[in-house]
1. If amide H atoms are built 1.01 Å from N in the plane of the peptide, which residues on other chains or at least 5 residues away come under 5 Å of the amide H of B:Ala52?
2. What are the lysines whose alpha-carbon lies under 20 Å from the alpha-carbon of A:Lys349, with same-chain residues fewer than 8 places away excluded?
3. Using a Cα-Cα cut-off of under 20 Å, which aspartates and glutamates could be cross-linked to A:Lys54, ignoring same-chain neighbours fewer than 8 residues away?
4. Counting only other chains, what is the mean number of Cβ atoms within 10 angstrom of the Cβ of each residue in peptide A:367-374?
5. Taking H placed 1.01 Å from N in the peptide plane, check which residues at least 5 places from B:Ala379 or on another chain put their amide H under 5 Å from its amide H.
6. Around B:Arg423, which amide H atoms from residues at least 5 apart in sequence, or from another chain, sit under 5 Å from its own amide H, with H modelled in the peptide plane?
7. Rounding to the nearest 20 debye, state how big the charge dipole of chain B is about its Cα centre with +1 on each Lys and Arg Cβ and -1 on each Asp and Glu Cβ.
8. For peptide B:229-242, what's the mean number of Cβ atoms from other chains within 10 Å of each residue's Cβ?
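Here, each number is a calculation from the coordinates, and none is a lab measurement. Since the model is a prediction, treat every value here as computed from it, not as a measurement. Heads up, the Cβs are rebuilt from the backbone with ideal geometry, glycines too, and the neighbour counts pull from every protein chain shown.
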Amino acid sequence: MKDRLAAAVTQSRADYTEIRVERTWSSAVAFRGRRLETATVSEDQGGFVRVLNKGCGWGIASFTSLDELPAMVARANELSRAVRVDDPIRLAETRPQLADAILELDGDVRGVPLAEKKKLLDRYNGAMLAVSNAVVDTQSSYRDEVSEVWYVNSEGTSLYQLRPEVVVSGTAIARRNGTIEKGLESIGLRKGWNSVQNFENQFRVVAQRAVDLLDAPRVRGAAYPVILDNELAGVFIHEAFGHLSEADFVYENPQAREMMTLGRRFGKPVLNVGDNGAAKGLRGTLPYDDEGTPTQDTALIKEGILVGRLHSRETAAKLGERPTGNARAISFRHPPIVRMTNTYIAPGKKGVGFNDLITDIKLGVYACGAFGGQTMLENFSFTAGWGYMIRDGKVAELVKDVVLAGNLFQTLDRIDHIAGDFTWNQMGGGCGKGGQFPLPVTEGAPHVRIEEALIGGDV
Amino acid sequence: MIDRVLDAARGKVDGADALWRREERTAVAFESGRLKAAGISEEAGVNLRVLADGRMGVAGTTAAKPDPTELVARARASAELGEVVDLAFPAASKLPPIPTFFDRTANASLDDLIRMGRLLVERLARPDCQVNVAVQREVADTGVGNTAGARGEYRTTGIAVTADITRIAGDDVLMVYDQYVGADMPSDADLEGLVRSVETRLTAALKIVTPPDGALPVVFTPAGLAAIVLPLEQALSGKTVLQGSSPLAGKVGETLFDERLSIIDDPLTPGRPASRPVDDECVPSRCTGLVERGVVERFVYDLETAARAKTQSTGNGRRGVFGKPHIGYTNVLFRGADGGVPHAAPLQMLGGGLIGDIDDGLIVDDLIGVGQGNVISGAFSHPVGLAYRVQRGEITGRVKDAAVAGNAYDLLKRIGGFGTDGRWLGARWSPSLLLDGVSVARR
């Protein structure tokens with residue numbers, strides 16, 4: 001395949017040409033309540049061509065019929081030439097890479113019968129339903145894939161990557177009279193079959209929580225001191241800060257660039273943030289990004305100061321910085337854009353625990369788990385799975401509908417205490433941007449305290 | 001392709017249906033006012049569903065030359081694990097004639113698309129603002145068929161023009177966005193409307209004012225309504241009703257909403273990208289009244305959920321190349337009592353003529369985080385993405401750092417007013433709605 005792509009690249013008349021071909025084998029099982037929804041095996045395959053010419057814009061073609069490859073290279077070239085630009089597009093220099101990067105399969109999912117996958121999910125789904133009669137519905141899914149990705153460009157890079165992935169997730173829906181609550185468990189790993197065994201208890205716990213939430217009061221909307229658990233702190237840093245550190249947000253926008261000037265103070269000295277696509281064994285991990293750039297650990301905030309951002313080759317060239325290996329595409333249907341990989345808040349002092357964070361809080365909220373998050377530039381919202389009030393330095397009653405809203409700059413600056421209990425949270429789902437969803441990413445953080453944050457809810 | 005796949009299935013399974021779709025897209029993107037990229041995509045695939053020993057299985061492929069025998073074998077293997085379902089494939093019937101293909105859209109050249117984008121960029125350009133514009137045209141061929149003899153074939157066109165302006169002043173980031181989506185090319189008036197819609201909302205947002213606080217009247221614009229309509233769309237799905245998770249289950253015939261509110265699923269509206277003569281399971285398209293004058297009338301079903309609920313499919317079957325058919329809305333209309341035939345809306349009128357009597361309240365045009373959380377319960381709580389304060393009947397400026405919360409079902413029991421600004425937003429048509437007693441919290 002590499003040779004076939006190399007031949008097509010050689011024949012291209014464009015100044016720069018890259019071709020990515022993917023073949024993805026996947027299987028999926030889904031339950032809704034006791035009922036099996038689907039159990040299927042799929043094969044998806046296709047190609048992506050992107051070319052650039054001097055004084056011209058990007059020409060892009062994606063297609064499912066690989067027989068068309070040479071024709072698509074020619075089409076992409078025509079499209080590029082139709083786009084005249086005054087400000088030339090440049091790509092930052094990178095060293096050509098030649099490699100076969102095979103990630104560990106940890107139990108090749110292609111060798112496991114579909115019936116076994118159904119049995120596994122049936123157990124997890126059943127564990128949720130068995131918790132209580134109040135659990136009226138579940139949605140459970142198992143999905144795995146092994147994706148083969150070939151990448152060749154006209155600068156001499158030629159890569160083959162094997163990327164496995166497996167996700168098990170379940171939502172338990174509890175209902176009593178008119179009240180409906182849910183609990184969500186999701187485990188997503190860049191691994192295989194062996195890595196998703198023995199999670200019954202986790203699924204039981206979320207179903208029990210959905211039932212408990214039926215009787216929990218809604219949190220009262222107000223500004224509180226807020227402790228984020230590891231999972232929510234990770235989602236927070238991804239949503240509220242990570243997206244702004246993606247250089248495609250600033251590279252064409254002088255005002256945004258000013259807002260995100262390196263050296264600007266973003267938080268107190270306790271705050272250290274980074275993105276590490278090279279971390280071992282995480283869902284957001286990949287040896288090379290979709291422009292063939294090796295991934296790396298990129299410091300974004302160091303002791304409260306903005307020190308870096310995430311780049312593609314185009315944004316790096318524009319800003320005179322170095323590519324960071326963050327150009328990613330969810331599939332051959334899409335061009336690579338600047339994305340996060342494994343984003344983290346670094347742990348605080350060793351030995352500092354959750355209790356040290358809450359001891360001096362008279363009235364506050366302990367926000368746990370994440371149903372989701374969204375940013376609109378400097379404003380963000382994220383929905384905790386559940387929460388507890390903190391009263392007089394102690395965790396008190398369970399509360400629901402805990403939605404955190406706020407302004408990035410104010411909120412980051414109000415992070416005043418970070419525990420040492422760092423964990424990576426490897427969830428399924430993924431990140432969405434520019435119509436590309438879900439991109440596998442991981443978030444990691446310890447418990448984090450925000451001096452004051454706005455919690456939405458009953459007023 | 002459909003016939004080859006169904007022929008391969010005959011004799012090996014008890015019944016089958018299939019969908020074949022080929023899509024071609026052409027897109028141009030202007031980033032920060034500059035044309036940056038042009039792209040095409042071509043994709044084709046087949047989805048096959050079989051019934052074998054009463055069990056259902058599916059298989060799909062994007063292979064250029066799919067092997068029908070292999071596809072049938074894969075669908076059969078899927079059926080071996082599948083549930084027993086009493087599914088009957090619909091017989092051949094006459095399909096309603098509706099225009100889904102527009103030559104102007106199909107024939108628009110790359111230069112035509114670039115010209116349209118450039119025009120918008122030029123019209124929207126202003127100092128200290130970044131303008132992004134994207135134009136995407138799609139031409140698709142769809143074929144559906146089943147072993148009961150039903151066949152459907154149609155071509156569709158679609159065009160989406162999106163424009164957004166970002167203005168950053170210090171740490172204040174303002175983003176205003178709008179779109180035109182249709183099956184036919186936008187007229188000059190459509191593009192002018194898009195420009196004015198963005199301009200109006202940008203201009204009114206330049207001044208930042210303190211948000212109000214308390215239970216207040218709030219006008220949700222058609223774009224701002226997403227948080228209110230999403231729970232209803234989930235609850236009106238036959239699937240959530242079957243599962244027991246819909247709060248509207250068992251409420252057919254009851255008046256649960258304002259007596260002027262009607263909600264209709266309409267695949268027959270000419271010129272809309274979601275319109276089609278037949279659904280993805282060979283069921284002829286028809287309009288379905290979901291809520292009529294405040295009364296819950298019926299839910300939407302595909303073949304499988306209809307079979308399980310012992311009712312008829314409403315023609316809301318949707319399927320992709322991979323996975324099994326599922327329920328999907330076509331065009332959903334939220335209408336007031338006057339029926340409100342969709343009309344060209346005065347987009348520049350922010351608030352839809354509903355703010356005159358508001359002493360203190362909000363216009364909500366965008367909320368952050370819609371779709372997160374426990375949507376179907378109706379409870380929502382979101383920070384505002386774009387919202388304006390209304391004082392003594394006038395817009396006084398944009399509010400930041402505020403959140404709105406409430407319960408969609410409760411708020412729709414009594415609607416303060418239907419705006420005169422009804423419009424399409426993607427596949428949804430609605431006017432602005434004035435809702436009373438929405439919780440507004442500020443920091």
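1. B:Asp14, B:Gly57
2. Candidates past the 8-residue exclusion: A:Lys268, A:Lys302.
3. Straight-line reach from A:Lys54, under 20 Å: A:Asp15, A:Glu18, A:Glu78, A:Asp86, A:Asp87, A:Glu93, A:Glu155, A:Glu252, A:Glu291, A:Glu314, B:Glu31, B:Asp111.
4. Values: counts 0, 0, 0, 1, 6, 5, 3, 9.
Counting Cβ atoms of other protein chains within 10 Å of each residue's Cβ and averaging gives 3.
5. Excluding prolines and chain starts, which carry no amide H, the hits are B:Ala408.
6. Excluding prolines and chain starts, which carry no amide H, the hits are B:Ser430.
7. On the way: 50 positive and 57 negative charges, 64 e Å.
About 300 debye.
8. On the way: counts 0, 0, 0, 0, 0, 0, 0, 0, 0, 0, 2, 3, 0, 4.
Average neighbour count from other chains, rounded to a whole number: 1.
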